[in-house]
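Encoded as structure tokens, the structure appears first; notes follow it.
The values are calculated or read from the model by the stated rules, or taken from the named source; none is laboratory data. These figures come from a predicted structure and were not determined experimentally. Here the Cβ positions follow ideal geometry from the backbone for every residue, glycine too, while neighbour counts run over all protein chains shown. Side chains are part of the model used for accessible areas, which takes the heavy atoms of the whole protein and leaves out ligands, DNA and RNA. Shrake-Rupley method; radii C 1.70, N 1.55, O 1.52, S 1.80 Å.
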Amino acid sequence: MNYQKLLFGILLFSVLVSNAAAVNLLNPESSGKPQIDDPDPSRFSVCYGNTCHTVEHVSLSPQQWEAVREFFLPLAETPEQERSQIANAIAYLEVEVGKQINSLGDRGGNLKGFGSSSNQLDCVDESTNSTSYMRMMEKDGLFQFHRVDKKRQHGFLIIGGWPHSTAAIQETGSGKRWAVDSWFHDNGTKPDIVTMKKWKAGWRPENN
């Protein structure tokens, strides 16, 4: 009986430690430069190197930001159209920012880019950067049907699988939340935008 209690205690301790590690992975303390809480095209932060290990401050020229605005023209008539515009704008920004932080060769997932000379981004990096991009878009009045939501997570290692993080938006009319997940694909590819309910259930793109 005591032996069974000991085994149960060890298992419970392992679960708690694993879950604590998952929380730390998804909410890391960044090294280097501080994150910019109020991003602006003239100065904003991006991170890379897994769990935002490295933070850089970058900027976009007025011409580059004007190119972002053009993704939202003509004005969207539905939330669905606007989500497509958001995805296209994020893909463009990944490329423009990638030129500054040597991440053009970032590969989807965590393993495809192993050994690459290009800086790689995990889901924490991706979700953090996408959130900054969308905050700048929202601040510039480019959203009609959405607002930027806080990042979301699912999974806690032993319970619920490996932890995963995503940027998120919320429809201003219906209140429906959407995951904006750019981790699955290579740099410059449009992020997947799926309902938060589906994403929380462990959604993955086909053939991934």
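In summary, SER127 fulfils each of the numbered conditions (1) within 18 Å of SER165 (Cβ to Cβ); (2) in contact with a helix residue (DSSP H, G or I) (Cβ under 8 Å, 6 or more places away or on another chain); (3) part of a helix (DSSP H, G or I); (4) among the hydroxyl-bearing types (Ser, Thr, Tyr) with the single exception of condition (2). Out of ILE159, ILE169, one residue alone is over 18 Å from CYS47 (Cβ atoms), in contact with a helix residue (DSSP H, G or I) (Cβ under 9 Å, 6 or more places away or on another chain) and either modelled with pLDDT of 95 or more or not β-branched (Val, Ile, Thr) (or both). It is ILE169.
Among residues of the stretch 120-144 that are touching a residue at least 60 places away in the same chain (Cβ under 8 Å) and under 18 Å from SER84 (Cα atoms), those with a beta-carbon under 7 Å from a residue that is of a type in the set (S, T, N, Q) and surrounded by fewer than 21 Cβ atoms within 10 Å (Cβ to Cβ) at least six positions away or on a different chain give the pairs SER132/SER45.
With respect to the stated conditions, LEU93 is over 11 Å from the mean Cα position of the chain (by Cα), surrounded by 22 or more Cβ atoms within 10 Å (Cβ to Cβ) and within 15 Å of TYR48 (Cβ to Cβ).
Within the stretch 191-201, count every residue that is assigned to a loop (DSSP other than H, G, I, E, B) and under 12 Å from the mean Cα position of the chain (by Cα).
Count: 1.
Within the stretch 174-192, can one find any residue that is surrounded by fewer than 19 Cβ atoms within 10 Å (Cβ to Cβ) and acidic (Asp, Glu)? So far as the stretch 174-192 goes, yes, one or more of its residues are surrounded by fewer than 19 Cβ atoms within 10 Å (Cβ to Cβ) and acidic (Asp, Glu). Screening the candidates PRO74, PRO79, PRO41 for the property of being open to solvent by 70 Å² or more (accessible area, probe 1.4 Å) and at pLDDT 50 or above yields one hit, PRO74.
Could you say which residue among LEU60, LEU142 is over 29 Å from TRP162 (Cβ atoms), in contact with a Lys or Arg (Cβ under 8 Å, 6 or more places away or on another chain) and buried (at least 16 other Cβ atoms within 10 Å of the Cβ)? Spell out the reasoning first.
Working: LEU60 fails: in contact with a Lys or Arg (Cβ under 8 Å, 6 or more places away or on another chain).
Testing whether each residue is over 29 Å from TRP162 (Cβ atoms), in contact with a Lys or Arg (Cβ under 8 Å, 6 or more places away or on another chain) and buried (at least 16 other Cβ atoms within 10 Å of the Cβ) leaves just LEU142.
On the given criteria, is ALA21 assigned to a helix (DSSP H, G or I), at pLDDT below 55 and surrounded by 11 or more Cβ atoms within 10 Å (Cβ to Cβ)? The answer is yes for ALA21.
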